[in-house]
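Values in this text are rule-based calculations from the coordinates and carry no lab data. Given the structure is predicted, the values throughout are model-derived calculations rather than measurements. As a convention, Cβ positions derive from the backbone with ideal geometry for all residues, glycine included, and neighbour counts pool all protein chains shown.
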Amino acid sequence: MKKISLTAVFFLWITSMPVTAATLQVYAAVNQPPNHLAFEGATRVGFTRVFLRNPGQVPIKAMLKVQQNGLADWVFRSVVLLDDNYNQIGTSAVLDENRQAIIGESLEILPGTSKPVIVAGNMDSDLSASAGQWVRLDVVGVETDATVNAPQIPITDGTAHLINASFVLGTATAYLSVFDPMSSQTVKAGTTGRRFSGVRVVAGSAERIRLRSIVFTQTISPQHGLTPAKVSNVEVVVDGVHYPTEVRRNIDVIHYPVADRYDRYTAQFGQGVVVDKGFSKDIYIQGDLDDSTETRLLKMDIISDLDLYITGEMYGYGINVYAGSVSVGWGEYSKFPQGYPWFSGSLLTVEKNVAPSVGDGGGNGVPTPVAPATQPPPVVVTPPEPRLPSELPGREIALQEIPWYRRGPLPAGGNGWWCFVRLAEPLPENVTVWWDSNWSGQYPVPMVGVNGDGTLIGFPLVYNLRDLTGDELEEIGRVVRVFELPDP
C-alpha cells in the first residue's frame, strides 16, 4: 500500500475547506529546495517553498514574514522572495534585530489560483564565523488584508543549509555600457527605439558566468510631484538579441530609501547568456516614447545589484555583481553612486509633441495643429590628420574592455566628448592613446584612476567632434589603442 505524507494529507484537507471571499490559504510545499552548501557571496539560495492559494473571486496581495533560525550567526546580506523559476518577486530586505524581515511586496495571487514561492537568502561575503553551522529561513507570518488560513505557520520544515566559507564563487563587475546615453538629454515624444540606460557586465577570473535576468525601475514617480514619461514596446537588448519585458506598474518598493510606487520592467534571458572569464556583455533597455501633451521625465535605474541575476557556470549558484569605479561625469549622467539606487540612469526629458485639446464650442476636444520641428543643419566635422599607429614607437598595452564615452567640459573650453577605457595592466609613466578609427588622432592622457579593478584612463576628444551624437560617436570610435613610449 502506498504511503501518503502528512504534508500531502494537509494539502488535501486545506483545499477542501469551505472558503469565503478574500481568504488566503498558506501551506508548505511537498517538494522543498534541495539541500546543499551555502557559500560566501551566493545569491538566491532557496530555503523554504510554500504555496499561497486564493480560492476566492478577487485578487489578493500578500507579503511573507520570514525569520532566520539555526545555529549559524548573522549570515545573510539580505533575504528575498522568488518564484519557482528563481525570479525575484519585489525587492530584497535586510533582517532586523529579531532576524526577521517582510518580503514580496509585489506578490499578487489571482482568483482561483495557487502560487508557489520560495524564501531565499543572499549570503554574506564573509561566513567564516559560522562555517560548519546550519541555517534555515522559516515563514513566521503573512501580511495581507485578506483572511489568512495558515494553521501550519510557523512553517519550519523547509531546507536547512550548511554554511561553507572555503569555496570561492565567481564574480562579475558592472560598468557603464557604450549604449548608455551617458548624459541627461532632451528628446521629443513619439521617438521610437530610444535607448534609456545600460550597463556592461564583465566576468571575473574564477568561472564563466550566465546572465539570467535584469530588472530596470522607472524611478520618476507622481508622488514626487513629477510626471513620468509614457513608454511602450520596452525591451532589453543583449548581444543584438531583443528580449521583451514584463512590466509591473505602481509596485510598492518598501525597502527602497525613498519608499514609493514605481514601474518595474523585468527581462528574462531565456536559457541565459554565457560570458567567458574576463569578457563582457552589454545590457541596455530601450523603448518607444509615446505621444504626449506635456513634458515628461524618464529615468531607468537598477535599484539593487540583486536586480541583475547572474549565475556561475561551475557551481550554478547566483553570484554577486559589483559596481565598477565609474565616477567621472557631470550633471544628471548615468553612474554607480554609493548607496541607492545601485545604478542611476541618465535623466531623459521627453518634450511634448501634441498640443492640448481646446474646446470647439460644442464640448468636443479639437487638437491644435503642431508645426513640424525645425531640424538643425547637419554638423560638418573636419577629422584630425591621420597618423598610422605603426609610426608610434613602443609597446602596445592590452585593454580590459572596449571604450565608453561621456560629455563634459573640454580643457580648451566648452563641452564635448571624453573617452574612457580600462587597461588590463598598471599604467606606465609615458603613454599615448590612439583613437583608431576613420578619424584617427593621437591624444594625451589627462585623467587617470587606479583601483582594484585596474587602471581607468580618460582623454578628451578633439574640439570639433563635440556636436556628434552618442550614436555617431559609437560608430566611429569603438577602437582605442594605448602605447607605452620609450624614455626620451
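Hey, what did the range 6-164 get for relative contact order, percent, Cα under 8 Å, at least 6 apart?
Details: 427 pairs, mean separation 54.3, N = 159.
Computed over the range 6-164, the figure is 34 percent.
List the residues of the range 166-189 whose backbone N lies under 18 Å from a point placed 7 Å from the Cα of residue 279 along the Cα-to-Cβ direction.
Residues passing the 18 Å test: 170-175, 178.
Calculated FRET efficiency, residue 114 and residue 396, Cβ-Cβ r, R0 56 Å, to nearest 0.05? Mind dumping the intermediate values first?
Working: r = 61 Å, r/R0 = 1.08.
With R0 = 56 Å, the Cβ-Cβ based efficiency is 0.40.
Defining a contact as two alpha carbons under 8 Å apart and six or more residues distant in sequence, what relative contact order in percent does the range 172-351 show?
Values: 489 pairs, mean separation 64.5, N = 180.
Result for the range 172-351 is 36 percent.
What are the lysines whose alpha-carbon lies under 19 Å from the alpha-carbon of residue 188, with same-chain residues fewer than 8 places away excluded?
230, 299, 352
Hey, got a sec? Which trypsin sites (Lys or Arg not before Pro) in the range 57-107 land in a DSSP loop and have at most 10 other Cβ atoms within 10 Å?
Numbers: sites: 61, 65, 77, 99; in loops: 99.
Taking the range 57-107 and a limit of 10 other Cβ atoms within 10 Å, no loop trypsin sites (Lys or Arg not before Pro) are found.
Once R0 is set to 30 Å, what does the formula 1/(1 + (r/R0)^6) return for the Cβ-Cβ distance between residue 340 and residue 271, expressed as a FRET efficiency to the nearest 0.05?
Working: r = 32 Å, r/R0 = 1.05.
Efficiency computed from Cβ-Cβ geometry: 0.45.
With a Förster radius of 51 Å, plug the Cβ-Cβ distance of residue 295 and residue 239 into 1/(1 + (r/R0)^6) and report the FRET value to the nearest 0.05. Intermediate results must be reported in sequence, preceding the final value.
Values: r = 35 Å, r/R0 = 0.68.
So, using R0 = 51 Å, E works out to roughly 0.90.
Computed over the Cα atoms, what is the radius of gyration of the range 115-161 divided by 2.2 N^0.38 Å, N being its residue count? Could you put the intermediate results ahead of the total?
Numbers: Rg = 14.2 Å, N = 47, 2.2 N^0.38 = 9.5 Å.
Here the answer is 1.50, to two decimals.
Just to be sure I follow: if Rg is taken over the C-alpha atoms of the range 172-351 and Rh is the Kirkwood radius over the same atoms, what is Rg/Rh?
Computed over Cα atoms, the ratio is 0.96.
Which length gain, in nm to one decimal place, applies between residue 125 and residue 226 when the Cα-Cα distance is subtracted from 0.36 nm times their residue separation? It would help to have the intermediate numbers written out before the result.
Values: separation 101, 0.36 × 101 = 36.36 nm, distance 3.81 nm.
Stretched out fully, the residue 125 to residue 226 stretch lengthens by 32.6 nm.
Can you order the peptides 31-41, 306-316 by their average number of other Cβ atoms within 10 Å per residue, highest first?
306-316, 31-41
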